[in-house]
1. Cα-based Rg of segment A:412-504 per 2.2 N^0.38 Å, rounded to two decimals?
2. At q = 0.12 Å⁻¹, what base-10 log of I(q)/I(0) does the Debye formula yield for segment A:438-569 when every alpha carbon is treated as an equal point scatterer in vacuo?
3. Rounded to the nearest 20 debye, what is the charge dipole size of segment A:435-483 about its Cα centre when +1 sits on each Lys and Arg Cβ and -1 on each Asp and Glu Cβ?
4. Give the lysines whose C-alpha is closer than 19 Å to that of A:K207, dropping any in the same chain fewer than 8 places away, or say none.
5. Put one equal scatterer on each alpha carbon of segment A:286-336, apply the Debye formula with no solvent term, and list log10 I(q)/I(0) at q = 0.14, 0.18, 0.32 1/Å to two decimals.
6. For segment A:229-306, taking Cα atoms only, what is the radius of gyration to one decimal and the Dmax to the nearest whole Å?
7. Could you tell me the number of lysine pairs in segment A:385-517 with C-alpha atoms less than 20 Å from each other, where the two lysines are 8 or more residues apart or belong to different chains?
8. Percent of Cα-Cα pairs more than 27 Å apart in segment A:170-299, please.
Amino acid sequence: MTTSWTYWKNDLAKRLSDVLGGAVSPDDIVVPPDRSLGDFAFGCFKLAKAMGKSPADIAKEIASKMNFGQSDFTSASAAGPYVNFTLSVGEAVHRVVRDIEVLGEKYGSVETKKADELLLEFAQPNTHKEIHVGHLRNLVLGQALSNVLSAAGWKVVPMSYHGDVGAHVAKCLWWLGKGFRFQVSGFSVEQADKLLDQIPVERRTGKFLGEMYAEASRQLEANPEWKDEVSDVQRKLEAHDPAWEKLWRETRRWSLDEFATIFDDLGVKIARQYLESEVVDRGQEMVDHLLKQGVAKESQGAIVVDLEDKKLGVFLIRKSDGTSLYATKDLALAELKLKEYPKAERSLILVDNRQSFYFKQLFETLRMLELNPVPEFVGYEFVTLKSGAMSSREGNVVTYQDFRNEVISYSTEEVVKRHAEDKWNDGKIEHTAWCIAMAGMKFGMLKQDNDKVFTFDLEQALSFDGDTGPYCQYAATRLASILRKAGSTPSDSPFVRGREDEPLTRSFDHTSEKALALTLAQFPVKVAQAAEELRPSLVAQWCIDAAQRVNEFYRDVNVLESEGELKEGRLRLIAAARSALVAGLGLLAIPVPDEM
RNA sequence: GCGCCCGUAGCUCAGCUGGAUAGAGCGCUUCCCUGCGGAGGAAGAGGUCUGAUGUUCGAAUCAUCACGGGCGCACCA
């Protein structure tokens, strides 16, 4: 369905083509820098050359020839080299409200008959480590991307991938054993049971395992001679030694359970969870195969793929001690994905930009193996603290749990403060505070572009003033409040729908109404662009814009004091505005409370 | 040394497929609650868009080169 924004541009392009006797593309229709100039504009620069006249003269000529008749537009006027077009307030608002009422929660989404499949890998925290705010950017961005791409008509398969084997696990478990005074060699199943029994339930967390890992890294730094023990542990794990495997399975469960809880809380939805342990054996096989084919070769005891001729250096795919690397497993993962989803059109991998070189090497190798489609790298810059970059190896991280608790306690405090007299029950307070906390955290991470290093500042993250998620929620909430007072709100859903057959007035008369409607009209275009450019930040920016227009409308137009069909129309406008705003925030996986 | 990314207001960022006086938020200075909810709104101060050259009728936007900062570049992930 063609929604209003596109409809208007197409309409203007057609009328201009008629006047000029040549093709004008809708893409040539732009928006003036100042709303008082008009709602749309057409620059005459390109025509000037072809027609041999000055742009200003052409603009005047077009303005005088434009005849709108039956149309949403009321006037065209020349201003320098531009022709500006103005929409009728009544027609503009009418059309946008109708769009939203027809589409409801689908407003902004493309309807497709047969969606192409797109694999989206994100959410790659490793087991045996804690989740920190660096991971949060990936999780939040990934889920938003998943939503935005779905809205744009892709059949998205969101997938997670967890490093549950490899050096970091070996280090963690090695230190777990050593720290509890067990001998690494000759470690038995009974000893593994004994060790596990010694760890109290409340310590069976990712945080605890992360501390073990960080401590192991420190110990190895100080005592390099222990590296052989760690290699030994990793080899035993890869050989499925019963004792180490037991310890590994149990500790891994702690991590995976924790992930499930956190993903659920964040609204992260994964269709297929991959584990490195699923692909490690096949990865080693593929390395052998590559060796046989002559694609890979031995170098300093390790196995590498030489990519020097592509200016990508050498790609290490097996360590000299015979154990696997990230790359060993990634080769097999790529193969497995294609086996399970043979119809996939595209495959995206969302990872930290610092890994871009590695992924270029990986993709080049996949190309040599003819594993198509070769994935697309979607990068984002890392999250840093004022004190410096976070590293789980060094242990200077803000864990997600700590951050979340901080934000929740702050938002709870605010909610309680604002509703001291409203007799809200604990459940309502808790839910509202959770919605606001989610909005604060997620919006803060989504509103800026992926390629900006994100400096995490707790104080800033806790502020809900200005262009923040809670600001957008607040705008939607005030609209809901008006609807409630008018007694016309559907309590179960914020989305308007099914009123498109009821007559709607065209008597809207305020510029704030039109400004709001025009912003709402841009939503589908922004979503499409966000999907095309893989930038959910565009949707976040739109949400701020929409909330600002809502606040201006709120200031300028009193809905409940209007009368007759205009009041009814305005109620439908704000219901539509709320519906669109909730849809926009929904794409960012941000919930909107009824009240706040 | 080579490669990738960033450089726009005091701070955090939009704008970048070239076009009208460069926009927000925070902070700062003033206002606005007997008004549909002040997590809000209005106004003000604050800019050689890092610099240079080039392309163009036109450059924050494109190209090249500097400068500044960040991040990568084989047994970590």
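1. 1.36
2. Taking Cα atoms of segment A:438-569 as identical point scatterers yields -0.58.
3. Using Cβ point charges on Lys, Arg, Asp and Glu, segment A:435-483 gives about 240 debye.
4. A:K129, A:K171, A:K178
5. The computed values of log10 I(q)/I(0) come out as -0.32, -0.53, -1.29.
6. That works out to 17.1, 48 Å for Rg and Dmax.
7. Total qualifying Lys-Lys pairs in segment A:385-517 comes to 7.
8. Numbers: 2656 of 8385 pairs.
The answer is 32 percent, as a whole percent.
Coordinate-derived values only; no laboratory data. Note that the structure is predicted; figures quoted are calculated from it, not measured. Cβ: placed from backbone, ideal geometry, glycine included. Neighbour counts: every protein chain shown.
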